[in-house]
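Trainee: One structure coming up, written as structure tokens, with questions to follow.
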Amino acid sequence: MAFEVILPFYRTSWFQLLVLMLFGLGLVLLFRAEVLTFDKTHLVRFLKKLIGQADNVQEITIKTSDGIFVKLPSNEVYTIQAAGNYVQFFTARGSFLSRNTLKEVESELEKIADIEKVHRSYLVNLSLIEAIRPNGIQIKAKLIPVSSSYQEKLNAFKHKIHAS
């Protein structure tokens, strides 16, 4: 006498594969509807940690005009723009206004290799440049002007990109 054990449908491989495919489809639809967003910097940081590379991200502490201290990883700072005696930090977490001059911020951030001055009113994170145009550079869909005195630094950066 032979008997056969039939698994419940939810334990079968076809059902588990179907659930996995529906989950993947749901993620794709959420990204397409822009409910979820994809940030390349977070993926790169995760992959570096996964393969064991050290992350050379330094933290920047900003005192906002409200007196709140905000710690930011340097790779999340897109641009820093001068606004008189204030500077505005544009980051992955939003923008922050701080009561400092651009010169003070520049001297504090000179240790961070990726953040460079490209205009008398702008510091930018060179690693986040999306496009280099004749009239400026593009970071996160924002066009940043590059003054003629900083063109040589930008050209050196372009050559560094082409060499790698």
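Trainee: Among the residues of the range 135-157, which ones are among the hydrophobic types (A, V, I, L, M, F, W, C) and part of a strand (DSSP E or B)?
Mentor: ILE137, ILE139, LEU143, ILE144
Trainee: Among what's in the range 100-134 and is part of a loop (DSSP other than H, G, I, E, B) and modelled with pLDDT under 85, pick the residue that is nearest to ASN85 (Cα to Cα).
Mentor: GLU110
Trainee: From the list ALA163, ALA83, ALA141, pick out the single residue that is at pLDDT below 85, of a type in the set (A, V, I, L, M), surrounded by fewer than 16 Cβ atoms within 10 Å (Cβ to Cβ) and farther than 24 Å from THR37 by Cβ.
Mentor: Unique residue meeting the criteria: ALA163.
The values are calculated or read from the model by the stated rules, or taken from the named source; none is laboratory data. Given the structure is predicted, the values throughout are model-derived calculations rather than measurements. All Cβ positions, glycine included, derive from the backbone under ideal geometry; neighbour counts span all protein chains shown.
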